[in-house]
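Any read-out appearing in this document is the output of simple, stated calculations on the displayed coordinates, not a laboratory observation. These numbers were taken from a predicted model, which means no experiment stands behind them. Neighbour counts run over all protein chains shown; Cβ positions are idealised from the backbone, glycine included.
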Amino acid sequence: MDGLLIDSERIYTEVTNEILGQYGKEMTWDIKAGLMGMPEREAAAHLLSFFPDLPPTFTIDTYLTQRRTGPTLAVRWRRPASRHLHRHGVPLALATGSQRRNFALKSAHLHDTLFGCFEGRVVCPDDGLLAPGRGKPCPDVFLVAAERWLGRRVGVEPAGVEELSERARGLVFEDAVAGVQAGKRAGMNVVWVPDPNLLALAATRSRALNSRTRCSASTPQLVRLSPLQGPALM
């Protein structure tokens, strides 16, 4: 969701660097790439691991509290494939690393223009549907979303032949490396829609992606739909 459907990743970067700037630190894209898509606390722990010389009083909870109470910036929505797919009757579900309260804050004002097409089919890491520590890049969130909200018999590990076949019918859109890994581990088709900064980083360093499929105007043909009208999804 973050960075893919809405531009909240930009806001997270600005607020985080304002917080870290008090200590002369900065979250670069090299660091940010590794925490995108992860559940909130895991992402915070990953971030702070790069700055071991921060004051002992600056804990994960300190960072998260300051981030939540930071400046309020307008969250803009992007032009996603979700509305196109919804118009063509393709069942949709949202599998996000955002806590439920954060999802509500970020999506409430965009229900009519964007999130309404999911019709409440949303999985958040604190919904009690995922085991602790099983957020992205683990495949669980996509499997739960497909099984619970879309009625697909995708099963759990180890999956049988029929379950693997059903998983292969799924199409995941992701902007984060962890999300791409989760989708691939779930046995689904994955379309990577990276931020230009992440794409530039991946071009210079080897990333743990088994396959990289950048989203283009012809992407809907993967699910036998007419091509998207307008520019590529970026």
Could you list Asp127, Asp61 so that the one with the fewest beta carbons within 10 Å of its beta carbon is first and the one with the most is last?
Asp61, Asp127
Karplus-derived HN-Hα couplings along the range 96-108 (A = 6.51, B = -1.76, C = 1.60, θ = phi - 60°), whole Hz, x at Gly and Pro
10, x, 6, 4, 4, 5, 5, 4, 4, 5, 7, 10, 4
Computed from the beta carbon distance with a Förster radius of 30 Å, FRET efficiency for Phe50 and Val156 to the nearest 0.05 stands at 0.35
Going by average Cβ neighbours within 10 Å, how do the peptides 146-157, 34-45 rank, with the highest at the top?
34-45, 146-157
